[in-house]
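The values are calculated or read from the model by the stated rules, or taken from the named source; none is laboratory data. All figures in this text were calculated on a predicted structure; none of them were measured in a lab. Neighbour counts run over all protein chains shown; Cβ positions are idealised from the backbone, glycine included.
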Amino acid sequence: MSKIVIISDTHGNQAFLRQVLSREMPYTHLFHLGDNFGDLDTNPDLLEGVTYAHVPGIYHPGYRNHTISPTLNVTVEGWHFTLVHAIQDARKLPVSCDFICFGHTHKWFFKQEDSHYLLNPGHLKERINRNQMASYCIIVVSAMQADVTFYGLDGKAIHHDCIVKNREEA
């Protein structure tokens, strides 16, 4: 079983970043979906023993000059994740994953689309930004099940879904 913390759009807010990641310890994986994934560079204590994956935001120099891929594919416990900052980058690719995780809009979002799920954890920029409360997502996965929970900055759950794989998929 693995615990994945998914965050996006931290925009330099070290206080919110540390608050969320300290609260959620221990976790096995951390996905940062852009707009300041470098915020973690000064927090190595939050990454000890953690598998960390990130993608650049649309204003990152590596995104703009195509030196960093806007997409990243990660597999955890047999579940396939495609990470992007802007959903349009995932739309350019054939979908062969269980989850497309994206940021950019600052609004948490979860919806099944065809054979995959679209997931946006929201933002950790400010308490309220773009009329959206700060939020993040935790996914606890095992080979056959994914428990997806979105949380507000206060740590209270705001949405939960349980996804069970078909035996043929596993």
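Please specify each residue of the stretch 109-123 satisfying the condition of being modelled with pLDDT of 95 or more and part of a loop (DSSP other than H, G, I, E, B).
The answer is 121, 122, 123.
Here's a check for you: in the stretch 21-50, which residue that is assigned to a helix (DSSP H, G or I) and touching a Leu at 6+ places or on another chain (Cβ under 6 Å) is farthest from residue 154 (Cα to Cα)? Please lay out each step first, then the result.
Pass one, the stretch 21-50, residues assigned to a helix (DSSP H, G or I): 21-24, 37-42, 44-46.
Those left that are additionally touching a Leu at 6+ places or on another chain (Cβ under 6 Å): 21, 39, 46.
On the way: 21: 12, 39: 20, 46: 19 Å.
Restricting to residues being assigned to a helix (DSSP H, G or I) and touching a Leu at 6+ places or on another chain (Cβ under 6 Å), the top hit is 39.
Kindly evaluate residue 115 against the criterion of being among the small types (Gly, Ala, Ser) and closer than 21 Å to residue 29 by Cα.
Against the criterion (among the small types (Gly, Ala, Ser) and closer than 21 Å to residue 29 by Cα), residue 115 does not qualify.
Return the residues of the stretch 103-130 that are aromatic (Phe, Trp, Tyr) and either on the phi > 0 side of the Ramachandran plot or in contact with an Asp or Glu (Cβ under 8 Å, 6 or more places away or on another chain) (or both); say none if nothing qualifies. It would help to see each step written out before you state the result.
First, the residues of the stretch 103-130 that are aromatic (Phe, Trp, Tyr): 108-110, 117.
Within the stretch 103-130, 110, 117 meet the criteria.
Just to be sure before I move on: is residue 147 assigned to a strand (DSSP E or B), modelled with pLDDT of 95 or more and not polar (S, T, N, Q) in the structure I sent?
yes
Return only the number of the condition from (1) basic (Lys, Arg); (2) over 16 Å from residue 76 (Cβ atoms); (3) surrounded by 15 or more Cβ atoms within 10 Å (Cβ to Cβ) that residue 165 does not satisfy.
Exception for residue 165: condition (2).
With the structure loaded, tell me whether residue 85 is touching a Leu at 6+ places or on another chain (Cβ under 6 Å), under 15 Å from residue 35 (Cα atoms), surrounded by 13 or more Cβ atoms within 10 Å (Cβ to Cβ) and not aliphatic (A, V, I, L, M) or whether it fails that test. Show your work before the answer.
Details: touching a Leu at 6+ places or on another chain (Cβ under 6 Å): yes; under 15 Å from residue 35 (Cα atoms): yes; surrounded by 13 or more Cβ atoms within 10 Å (Cβ to Cβ): yes; not aliphatic (A, V, I, L, M): yes.
So residue 85 fits the description; yes.
I'd like the residue in the stretch 1-53 that is among the charged types (D, E, K, R) and in contact with a helix residue (DSSP H, G or I) (Cβ under 8 Å, 6 or more places away or on another chain) and, out of all such residues, is surrounded by the fewest Cβ atoms within 10 Å (Cβ to Cβ). Spell out the reasoning first.
To start, the set of residues in the stretch 1-53 that are among the charged types (D, E, K, R) comprises 3, 9, 18, 23-24, 35, 39, 41, 45, 48.
Add one more test, that the residue is in contact with a helix residue (DSSP H, G or I) (Cβ under 8 Å, 6 or more places away or on another chain), and what stays is 3, 18, 39.
Values: 3: 18, 18: 15, 39: 20.
So, considering only residues that are among the charged types (D, E, K, R) and in contact with a helix residue (DSSP H, G or I) (Cβ under 8 Å, 6 or more places away or on another chain), the one surrounded by the fewest Cβ atoms within 10 Å (Cβ to Cβ) is 18.
If residue 144 meets every condition in (1) over 15 Å from the mean Cα position of the chain (by Cα); (2) surrounded by fewer than 14 Cβ atoms within 10 Å (Cβ to Cβ); (3) over 14 Å from residue 9 (Cα atoms) apart from one, which number is that one?
Single failed check for residue 144: (2).
What is the one condition in (1) in a strand (DSSP E or B); (2) touching a residue at least 40 places away in the same chain (Cβ under 8 Å) that residue 126 does not satisfy?
Status for residue 126: all satisfied but (1).
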